[in-house]
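Values quoted throughout were computed directly from the atomic coordinates according to the rules given, and no laboratory measurement underlies them. Only a predicted model underlies this, so the values are computations on that prediction, with no experimental measurement involved. Virtual Cβ from ideal backbone geometry, glycine too; neighbours counted across all protein chains shown.
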Amino acid sequence: MNIVLLGPPGAGKGTQARHLVETRGMVQLSTGDMLREAKDSGTSMGRRVAEVMARGELVTDEIVIGLIREKLEEGARGGFIFDGFPRTLSQADALGDLLAAEGQGLDAVIVLEVDDEALVQRIAARATCGTCGAVYNDLTRPIPEDGKCSECGASDFQRRADDTEEALRTRLLEYYKKTSPLIGYYHAKGLLARVDGMGEVDAVQAGIARALDD
């Protein structure tokens, strides 16, 4: 099963992707992770990525599609989760063409629906374990009183510099301008499933599971 996770920044896509990796054996294809992995790989594609990043330029869609092609050729028992790509309609077309060329396709596109104002409050209170990536929140899941991560025991908590109200509103505007048109795009293809992203993590997981099982 191949799926795309859509939703504004901070909607919880990364958290839900990790759960699908653990429970369904899927492989998460995060653009950022793929670029970092390629940069250090020493392969021909990796050298292209390293050169572009060294110049401080944005990596082209062509390169990202090339990295995805390599992952598709490696295969995955449970299928792939596309997280962070596509972000635009042209990227969605390119991904569709690539999957068709590889004899594959998308089975579902999950959009996590959120309330913008509540999302701003939630993200401004977010902290992440720098060791295992577990997400905490001052409002809903505070850092344990002993200062240690309940998942791995580390005490290296981090807050992103752009997890501020001003920065998040800028990122939301970018999402609505460039990425939200994908909702209508995939709805027209009969692939879209809407899941309430404002509930507790377990409730969102259950909503995604229902959508995929349907």
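Shape verdict for the stretch 164-214, please, from the Cα gyration tensor: rounded (a/c under 1.5), prolate (a/b greater than b/c) or oblate. Because a/c hits 1.5 or more and a/b fails to exceed b/c, the stretch 164-214 counts as oblate.
Please say if the stretch 73-166 is rounded, prolate or oblate, where rounded means a/c under 1.5 for a ≥ b ≥ c the square roots of the C-alpha gyration tensor eigenvalues, and otherwise the choice is prolate for a/b larger than b/c and oblate otherwise? Since a/c reaches 1.5 and a/b is larger than b/c, the shape of the stretch 73-166 is classed as prolate. The stretch between Asp93 and Glu166, if pulled fully straight at 0.36 nm per residue, gains 23.1 nm over its current Cα-Cα span. For the stretch 84-201, averaging the sequence separation of C-alpha pairs within contact (under 8 Å, six or more residues apart) and dividing by the residue count gives a relative contact order of 37 percent. By other beta-carbon atoms within 10 Å, ranking Glu73, Glu102 with the fewest at the front produces Glu73, Glu102.
Taking the Cα centre of the stretch 1-160 as origin and assigning +1 to Lys and Arg Cβ atoms and -1 to Asp and Glu Cβ atoms, the resulting dipole is close to 320 debye. For the chain, the relative contact order is 27 percent, taking Cα pairs closer than 8 Å that sit 6 or more residues apart in sequence and dividing their mean separation by the residue count. By the count of other C-beta atoms within 10 Å, a proxy for reagent exposure, Val114, Val52 are ordered fewest to most as Val52, Val114. Based on Cα contacts under 8 Å between residues 6+ apart, the stretch 1-101 shows a relative contact order of 41 percent.
Summarising the strand pairing of the chain, around 25 percent of its internal DSSP beta bridges are antiparallel.
Kirkwood-based Rg over Rh for the chain (C-alpha set), two decimals?
0.96
Projected onto its three principal axes, the C-alpha set of the stretch 24-75 covers 38, 18, 17 Å, listed from the longest axis down.
Panel order for Ser180, Ser30, Ser150, by other beta carbons found within 10 Å of each beta carbon, from fewest to most: Ser150, Ser180, Ser30. Scaling the Cα radius of gyration of the stretch 4-52 by the globular reference 2.2 N^0.38 Å produces a ratio of 1.40.
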